[in-house]
Amino acid sequence: MSLNITSMADIFTILLVFLLKSFNMGAINIEPTPGVSLPAAKAEQISVDGVRIDITMTDIMVEGVKVPLTPDALNQAFREQRGRRPASDAKIYILSDEKVPYSTMKALLASAATNGFSEVNLVVAERE
Amino acid sequence: MSASSGGDGGGLDFELNLAPIIDCFTVLITFLLVSTSFISLSVLEAGVAMEGTAAEMPSTPPLSVIVQLGDAHTLNYSINGPETVAKQLDAKEGRWDFESLLTDLRQLKERRPDFKAITITAVNSTEYKEVVTVLEAVKAVVPEITLGGF
């Protein structure tokens, strides 16, 4: 009994072509935090390098470490990051859920700016 | 396992072994399924303006333009400089009135070619996605944007 696998080869070829087409090798290789729904926007694809800030509806994380939303805690977190990076490195990139209120962003950005992080990159889901 | 194809009358028959091809395809497809991301990410750049004023960009603009996102999709913008203008744009069909805002900003840019930076603020309850939407729209006209209202 011989097995005809020509059909399977056809299907695999089509599947492979589709997956190769959608394979994304962009400069941004970030894994969004689970549960975060990024806002959609048309923006540039540029490389990201800097302090990563994740904002969910319940938590703020600076480089993966949860930080309470108080000025002291945020200042402390950014001070630590400042100590680890050269003075010329002023970038932060923010992955925030789209429903986060601006008051949270204000508190975060105020602490960031106070500690020398004034270049903000907002990571968004690319809208075609 | 093999497939065979015959040649045209009198040609040579050969058997094509598809097993190695299927092996390669299986591995490739598994790898691509695991590693493909169907969402591509990109970045909107902005600066930070402290104390609700326009940021001091390296090329400090002579005028300060602040756009505030208000409640119910209203846009309030103010131009402070040699001319002082304050205007409120009400919601258009329940959405931000970008058309009017961008028209006004373009007109300002024509009058003042040195107008390159703008500050965006919002009331505390404004959702982040609305800020991103306004930022994206304004960036088409004004390349340097700072977030303010602290």
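The values are calculated or read from the model by the stated rules, or taken from the named source; none is laboratory data. Just so it is clear, the structure is predicted and the values come from calculations on it, not from any experiment. Cβ: placed from backbone, ideal geometry, glycine included. Neighbour counts: every protein chain shown. For accessibility, only protein heavy atoms count, side chains too; no ligands or nucleic acids. Shrake-Rupley method; radii C 1.70, N 1.55, O 1.52, S 1.80 Å.
Residues that are farther than 16 Å from B:L16 by Cα and more than 7 Å from chain B (Cβ to nearest Cβ) were ranked within the stretch A:1-12; the one that is surrounded by the most Cβ atoms within 10 Å (Cβ to Cβ) is A:I11. Can you spot a residue in the stretch A:78-89 that is acidic (D, E), open to solvent by 30 Å² or more (accessible area, probe 1.4 Å), over 17 Å from the mean Cα position of the chain (by Cα) and modelled with pLDDT of 90 or more? Checked the stretch A:78-89: at least one residue is acidic (D, E), open to solvent by 30 Å² or more (accessible area, probe 1.4 Å), over 17 Å from the mean Cα position of the chain (by Cα) and modelled with pLDDT of 90 or more.
Rundown of residues vs (1) in contact with a helix residue (DSSP H, G or I) (Cβ under 7 Å, 6 or more places away or on another chain); (2) free of Cβ contacts under 8 Å to residues at least 60 places away in the same chain, yes/no style:
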position	(1), (2)
A:I60	yes, yes
A:K66	no, yes
A:A73	no, yes
A:Q81	no, yes
A:R84	no, yes
A:S96	yes, no
A:T104	no, yes
A:L109	no, yes
A:A113	yes, yes
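Does the stretch A:42-57 contain any residue that is more than 19 Å from A:T104 (Cα to Cα) and at pLDDT 85 or above? Checked the stretch A:42-57: at least one residue is more than 19 Å from A:T104 (Cα to Cα) and at pLDDT 85 or above. Could you tell me whether any residue of the stretch B:105-120 is among the aliphatic types (A, V, I, L, M) and within 23 Å of A:S37 (Cβ to Cβ)? Yes, the stretch B:105-120 contains at least one residue that is among the aliphatic types (A, V, I, L, M) and within 23 Å of A:S37 (Cβ to Cβ). The residues of the stretch B:93-115 that are open to solvent by 90 Å² or more (accessible area, probe 1.4 Å) and farther than 17 Å from B:V142 by Cα, listed by number, are B:E93, B:R95. Just for the stretch A:112-128: of the residues that are in a helix (DSSP H, G or I) and open to solvent by 20 Å² or more (accessible area, probe 1.4 Å), which one is nearest to A:P39 (Cα to Cα)? Of everything passing the filter in the stretch A:112-128, A:A113 is nearest to A:P39 (Cα to Cα). Across the stretch B:100-129, what is the total count of residues that are touching a helix residue (DSSP H, G or I) at 6+ places or on another chain (Cβ under 8 Å) and of a type outside the set (S, T, Y)? The qualifying residues number 10. Close Cβ contacts (under 6 Å, 6 or more residues apart or on different chains) running from residues in the stretch A:1-29 that are part of a loop (DSSP other than H, G, I, E, B) to residues that are open to solvent by less than 60 Å² (accessible area, probe 1.4 Å) and modelled with pLDDT under 85 comprise A:I5/B:L18; A:F23/B:T36; A:N24/B:S37; A:N24/B:S40; A:G26/B:S40; A:I28/A:V48; A:I28/B:L41.
Yes/no matrix, rows are residues, columns are (1) under 23 Å from A:S37 (Cβ atoms); (2) more than 8 Å from chain B (Cβ to nearest Cβ); (3) of a type in the set (V, I, T):
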site	(1), (2), (3)
A:R79	no, yes, no
A:P86	no, yes, no
A:D89	no, yes, no
A:I94	yes, yes, yes
A:D97	yes, no, no
A:V100	yes, no, yes
A:S103	yes, no, no
A:A110	no, no, no
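Per the conditions (1) within 12 Å of chain A (Cβ to nearest Cβ); (2) touching a helix residue (DSSP H, G or I) at 6+ places or on another chain (Cβ under 7 Å); (3) surrounded by fewer than 18 Cβ atoms within 10 Å (Cβ to Cβ); (4) not polar (S, T, N, Q), the sole criterion not satisfied by B:I145 is (3). Filtered by the rule that a residue be at pLDDT 90 or above and hydroxyl-bearing (S, T, Y), the stretch A:9-23 gives a lone residue, A:T13.
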